[in-house]
Amino acid sequence: MYDQQKDIIDIIVNERNRFLQYVKRKMTDISDMDAEDIVADVIFNVYNKVDIQYHIENVLAYMYRSIKNRMTDHRRNSSRQISLDKIDGVSGVAVLEMLMDTHADIEMKLQKEELREQLRAAIMKLEPKQRAVWIATEIEGYTFKELSAKWGEPIGTLLSRKSRATKVLKMLLKDVV
């Protein structure tokens, strides 16, 4: 068994580049990464079959046949998969580059999300009536006149609640902003 393992390792080391060239020659529209995946899959499977009781007479031929079968499987499944390495024929740009948002600033998005979470936490610390007025006017866009009519509260009371809520939020968020 050790001799057979050594023979397979020698074939893998010596033939790997030829296997890749074979795949690329037979499948012109395949990305380098997909070709490497096909070859690696076959190498892995053949290497794991070393300890099986039956003997493969011509391991190299067996590997080429396995690669050919794996390429057929890849063609069958490729209609459902999109390679991110594939170059778009029209733009000449890889699919991955087309999907990337070059204007995305992940750090800024994270900071905004963190600020939102801190604001939510601070709002939840307000007294319920202060919180209701602040959310209604600042987030939901109600006017004090509308809230006065809706809640049956004087406008002056609503104004003072919002003023107190704003002072508390400024104090809670003084280190954030």
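The values are calculated or read from the model by the stated rules, or taken from the named source; none is laboratory data. Bear in mind that the values here come from a model prediction, so they are computed numbers and not experimental data. Cβ placement follows ideal geometry from the backbone for every residue including glycine, while neighbour counts extend to all protein chains displayed.
Things worth noting here:
- N58 in the same structural domain as V23 (by TED's automatic domain parsing), at pLDDT below 85 and surrounded by 11 or more Cβ atoms within 10 Å (Cβ to Cβ): no
- Residue in the range 75-91 that is of a type in the set (A, V, I, L, M) and at pLDDT 80 or above present: no
- Flag for D32 being under 21 Å from K86 (Cβ atoms), charged (D, E, K, R) and at pLDDT below 90: yes
- The set of residues in the range 121-144 being charged (D, E, K, R) and surrounded by 17 or more Cβ atoms within 10 Å (Cβ to Cβ) consists of R131 alone.
- Scanning the range 145-171 for residues being surrounded by fewer than 15 Cβ atoms within 10 Å (Cβ to Cβ), of a type in the set (D, E, K, R) and under 21 Å from L119 (Cβ atoms) gives a total of 2.
- Contact annotation: residue pairs with Cβ atoms under 8 Å, 6 or more positions apart or on different chains, pairing a residue in the range 88-101 that is more than 15 Å from S31 (Cα to Cα) with a partner that is at pLDDT below 75 and surrounded by 10 or more Cβ atoms within 10 Å (Cβ to Cβ), are S91/M98; M98/D88; L99/L84.
- Total residues in the range 86-134, condition more than 30 Å from L169 (Cβ to Cβ) and either of a type in the set (S, T, N, Q) or more than 25 Å from the chain's Cα centre (by Cα) (or both): 3
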